[in-house]
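Engineer: Got a structure here, written out as structure tokens. Questions coming.
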Amino acid sequence: MTTVKTLVLLLALAPPVEVEEGLAAKYPGDVGLRDDPSVLLFEDFEQEPKKAAWMKPGGWFDQEFKPGSGCEVTDQVPAAAGKRCLQFNLKKSKQGSGGMFHLVKPVDTLYFRYYRMFEKEWEWPKGYGPHDGMVFGGTWDAPTKTDLSIYVDFWQSADTVARIATAKQKIGYDGWNDWLKKRDRLAPVGGNGFAWNRSKPDKIEPGKWHCVEVMVKLSAPGKEDGAVRLWVNGKLVSEYSDLPLRDENHPDLLLNMIFLAPYFHPGSPKDQVHWADQIVVATRYVGPVRKP
């Protein structure tokens, strides 16, 4: 059996992985992408983000977008596409500067693509995390108490990893760590994370946009045929297609919400800024923005 350590070494020696083009390749600069029938949610921050009441459809909730607040829309840095993006103003010792939820049409297969950038003098907080984006399925009581949560985490090593928890299903919240470890699939960073079995992800470079995309395909109830994939800058890094993502007690579970909430457990070592842009949720692989 190939161990995770051996796999990481083999991936480091492998030839470069090609960028996979997706739905976005049809729409240079993402212009017109929002109207593609495969797109469930499109947010480029060129207009003021639509807001909604708590757990109501049609907009973002649990977040204000105001100048000088934790989150604000800005045109003062080069956007991933267009002219504007979302800025997070993270203060010293704080764990975050806001989180934003958005309901989507319930589906059994979902792709969540977005861009992130961290200031050039960025310092990663020391300790657990940070969490960044999440896909939720089924019922939700809290980010750590759901039927299904798929995380995109940026570890202090500037690595990108997909993680999983099913707190209200049979495997539970912490059970995935053992499930993955027994199958030698546990990521070398974090807990409950999927090992990089297709390529080693690009490191996050402060001052540069970083594209991430996670795919979740639910299993049939009680079966091990669900899938999770993770792309970093258009390159597939993790791919697993035999996962029990929906147990027999949750036959009606569907993917229904996303969450973008950079969260740094130890708190930030200083005042610093980071950005998000070009958020897309779709039923097909989106891929990186194609330059106009």
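Engineer: Just to verify a result, which residue in the stretch 217-251, among those that are of a type in the set (G, A, S) and in a strand (DSSP E or B), is surrounded by the most Cβ atoms within 10 Å (Cβ to Cβ)? I'd like the intermediate steps shown before the answer.
Structural biologist: Within the stretch 217-251, the first condition is being of a type in the set (G, A, S), and the residues that meet it are 219-220, 222, 226-227, 234, 238, 241.
Imposing the further condition that a residue be in a strand (DSSP E or B) reduces the set to 226-227, 238, 241.
Details: G226: 21, A227: 16, S238: 24, S241: 12.
Looking at residues that are of a type in the set (G, A, S) and in a strand (DSSP E or B), I get S238.
Engineer: Any residue that is in a loop (DSSP other than H, G, I, E, B), among the charged types (D, E, K, R), under 29 Å from G82 (Cβ atoms) and at pLDDT 95 or above - is there at least one of those in the stretch 205-216? Write out each step before concluding.
Structural biologist: Residues of the stretch 205-216 that are in a loop (DSSP other than H, G, I, E, B), as a first pass: 205-209.
With the extra rule that they be among the charged types (D, E, K, R), the set shrinks to 205, 208.
Adding the requirement that they be under 29 Å from G82 (Cβ atoms) leaves 205, 208.
Within this subset, residues satisfying the condition of being at pLDDT 95 or above are 205, 208.
Checked against the condition, which is being in a loop (DSSP other than H, G, I, E, B), among the charged types (D, E, K, R), under 29 Å from G82 (Cβ atoms) and at pLDDT 95 or above, the stretch 205-216 yields at least one hit.
Engineer: Which residue pairs have Cβ atoms under 8 Å apart, sit 6 or more places apart or on different chains, and have a first residue in the stretch 46-58 that is farther than 16 Å from M257 by Cα and a second that is assigned to a loop (DSSP other than H, G, I, E, B)?
Structural biologist: Once the first residue is farther than 16 Å from M257 by Cα and sits in the stretch 46-58, its partners that are assigned to a loop (DSSP other than H, G, I, E, B) give E46/G82; E46/K83; E46/R84; E48/F65; P49/G59; P49/F65.
Engineer: Quick check: is even one residue across the stretch 91-104 in contact with a helix residue (DSSP H, G or I) (Cβ under 8 Å, 6 or more places away or on another chain), surrounded by 13 or more Cβ atoms within 10 Å (Cβ to Cβ) and at pLDDT 95 or above? Don't jump to the end; show me each part of the working.
Structural biologist: Just the residues of the stretch 91-104 that are in contact with a helix residue (DSSP H, G or I) (Cβ under 8 Å, 6 or more places away or on another chain), to begin with: none.
Within the stretch 91-104, not a single residue is in contact with a helix residue (DSSP H, G or I) (Cβ under 8 Å, 6 or more places away or on another chain), surrounded by 13 or more Cβ atoms within 10 Å (Cβ to Cβ) and at pLDDT 95 or above.
Engineer: Here are S149, S157: which of them is without any contact (Cβ under 8 Å) to a residue 60 or more places away in the chain, assigned to a loop (DSSP other than H, G, I, E, B) and hydroxyl-bearing (S, T, Y)? Write out each step before concluding.
Structural biologist: On the way: S149 fails: assigned to a loop (DSSP other than H, G, I, E, B).
Checking each option against the conditions leaves just S157.
Engineer: Condition first: surrounded by fewer than 19 Cβ atoms within 10 Å (Cβ to Cβ), among the polar types (S, T, N, Q), in contact with a strand residue (DSSP E or B) (Cβ under 7 Å, 6 or more places away or on another chain) and assigned to a strand (DSSP E or B). Can you find one or more residues in the stretch 252-264 that meet it?
Structural biologist: No.
Engineer: Taking the condition of being more than 18 Å from E48 (Cα to Cα) and in contact with an Asp or Glu (Cβ under 9 Å, 6 or more places away or on another chain), how many residues in the stretch 83-93 meet it?
Structural biologist: Number of matching residues: 3.
The values are calculated or read from the model by the stated rules, or taken from the named source; none is laboratory data. Only a predicted model underlies this, so the values are computations on that prediction, with no experimental measurement involved. Counting neighbours? That spans all protein chains shown, and the Cβs are built from the backbone with ideal geometry, glycine included.
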